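Here the structure comes first, spelled out in structure tokens, and everything after it is commentary.
The values are calculated or read from the model by the stated rules, or taken from the named source; none is laboratory data. None of the values given here were measured: they were computed from a predicted structure. Cβ coordinates were reconstructed from backbone atoms using ideal geometry, including for glycine residues, and neighbour counts include every protein chain displayed.
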Amino acid sequence: MEYRYSEVIDPSIYETDGLVVAKNSTVALRRHKDAYSEIIGTLRAQRDWSEHVSPVYEYHGGLGEHYSFVRVTVPECLPERLETISYANEYAFLYDDEMESLDLKHLPEAGEPGILDTFRNGILDYEVQQEKCRPEKRLQAKVLAEMMAIDPPRAKTTMKAWARFVQLASRTRMRSFDTLCEYIPARVIDAGELIWFGTLTFGMGLTIPDEEYQLCMELARPGYAALGLTNDLYSWEKEREAAERQGQDYVFNAIWVIMKERGVQEEEAKAICSEVVRDYIDEYCGIVEKTKSNPALSKDVRIYVEAVLLSIVGNLVWSIYCPRYRKDL
């Protein structure tokens, strides 16, 4: 991949909690050079949500003092698209928090009113009838309209992927898992394998040929396992509290699964999860290196696979420092 819009961050000034080898150049943290577009898009999304959906109180999304989410997870985003995908990503954080507040055992079925209906019907309709739809749908339509104005084909790909992700993930969280082996495939879905495919391809202007799509997803899957389990590691307290508020007897999180499967306490479960994350990152680094030198793959597939690695490292560092998971910040 040619790096044009990002810069490497000195590994001596950030922590990775030992989950990646910072001196290894293949897993370097990169950050987009534009320090402002993400802030503008993120705050605009928060303002619109507060005005049209519900007031945002004591909320933290993608922004961080040094490592804001989009700048470090999509460091090679095309500059003219950074504000838009930052708006879309913050909408996703707000939507995710709203989903955490739902009783997942009593979700409305297709066709019934509810927040999930935002992504069930008319996902590609960005000229919605304002008075006849939920406010979340109006904002989703606004996101799509902005993306369509920039790049219609990739905007449609992104929204279709987003819709599929929401429908799969909402049902995935409805059950508990007895083993980590059973849990990880579900976590890959919930980690946003599909939504992130849309974010990267739109943000970086990539086109994955139809005949290479399945292979592309298979190559990236260990990377998404690393992403999902990293999120579990750092969002554990937040998700445990959300489950307790809902009266759930389980938490959709690897820490909970490991505690139950192995009969261990939180700290030991976190150590086990950390080791699994390290293994997946090591495996994925090998996949990236092999993919880079494979001329049989299209250029955009090779770029996409490498972009997922940048997302893994960016997500890890953001997770360690972000106010969303760190109450002390």
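Structure above, values below:
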quantity	calculated
Residue 248, sole failed condition from (1) within 24 Å of residue 176 (Cα to Cα); (2) assigned to a helix (DSSP H, G or I); (3) over 17 Å from the mean Cα position of the chain (by Cα)	(2)
Residue among 266, 283 that is in contact with a helix residue (DSSP H, G or I) (Cβ under 6 Å, 6 or more places away or on another chain) and surrounded by fewer than 16 Cβ atoms within 10 Å (Cβ to Cβ)	283
Residue within region 98-115 that is within 18 Å of residue 43 (Cα to Cα) and either surrounded by fewer than 22 Cβ atoms within 10 Å (Cβ to Cβ) or at pLDDT 65 or above (or both) present	yes
Which numbered condition residue 151 misses (of (1) acidic (Asp, Glu); (2) buried (at least 16 other Cβ atoms within 10 Å of the Cβ); (3) more than 23 Å from residue 46 (Cα to Cα); (4) at pLDDT below 80)	(4)
Pairs where the first residue, in region 137-152, is farther than 11 Å from residue 81 by Cβ and touching a residue at least 40 places away in the same chain (Cβ under 8 Å) and the second is buried (at least 22 other Cβ atoms within 10 Å of the Cβ) and of a type in the set (A, V, I, L, M, F, W, C), C-beta under 7 Å, 6+ apart	139/49; 143/88
Whichever residue in region 35-56 is at pLDDT 95 or above and touching a Ser or Thr at 6+ places or on another chain (Cβ under 6 Å) and, among such residues, is surrounded by the most Cβ atoms within 10 Å (Cβ to Cβ)	38
Test for residue 159: is it over 15 Å from the mean Cα position of the chain (by Cα) and buried (at least 16 other Cβ atoms within 10 Å of the Cβ)	no
Any hit, region 296-310, residues being among the aliphatic types (A, V, I, L, M), farther than 26 Å from residue 217 by Cα and within 19 Å of the chain's Cα centre (by Cα)	no
Given (1) crowded, with 17+ Cβ neighbours inside 10 Å; (2) without any contact (Cβ under 8 Å) to a residue 24 or more places away in the chain, number of the condition residue 196 does not satisfy	(2)
Region 276-319, residues that are modelled with pLDDT of 95 or more, of a type in the set (Ser, Thr, Tyr) and outside any helix (DSSP H, G or I)	298
Residue match in region 241-263 (condition: surrounded by fewer than 16 Cβ atoms within 10 Å (Cβ to Cβ) and modelled with pLDDT of 95 or more)	yes
Output for region 33-83, where each listed residue is among the β-branched types (Val, Ile, Thr), part of a helix (DSSP H, G or I) and farther than 19 Å from residue 231 by Cα	39, 40, 42
Search result, residues across region 69-81 that are surrounded by fewer than 24 Cβ atoms within 10 Å (Cβ to Cβ) and among the aliphatic types (A, V, I, L, M)	78
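One line per residue, one yes/no per condition, for (1) without any contact (Cβ under 8 Å) to a residue 60 or more places away in the chain; (2) outside any helix (DSSP H, G or I); (3) small (Gly, Ala, Ser); (4) within 22 Å of residue 90 (Cβ to Cβ):
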position: 174; (1), (2), (3), (4): no, yes, no, no
position: 177; (1), (2), (3), (4): no, yes, no, no
position: 181; (1), (2), (3), (4): yes, no, no, no
position: 200; (1), (2), (3), (4): no, no, no, yes
position: 208; (1), (2), (3), (4): no, yes, no, no
position: 213; (1), (2), (3), (4): yes, no, no, no
position: 217; (1), (2), (3), (4): yes, no, no, no
position: 222; (1), (2), (3), (4): no, no, no, no
position: 227; (1), (2), (3), (4): no, no, no, yes
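This table checks each residue for (1) farther than 26 Å from residue 306 by Cβ; (2) in contact with a helix residue (DSSP H, G or I) (Cβ under 7 Å, 6 or more places away or on another chain); (3) charged (D, E, K, R).
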| site | (1), (2), (3) |
| --- | --- |
| 13 | no, no, no |
| 30 | no, yes, yes |
| 37 | no, yes, no |
| 43 | yes, no, no |
| 49 | yes, yes, no |
| 56 | yes, yes, no |
| 69 | no, yes, no |
| 74 | no, yes, no |
| 85 | no, yes, no |
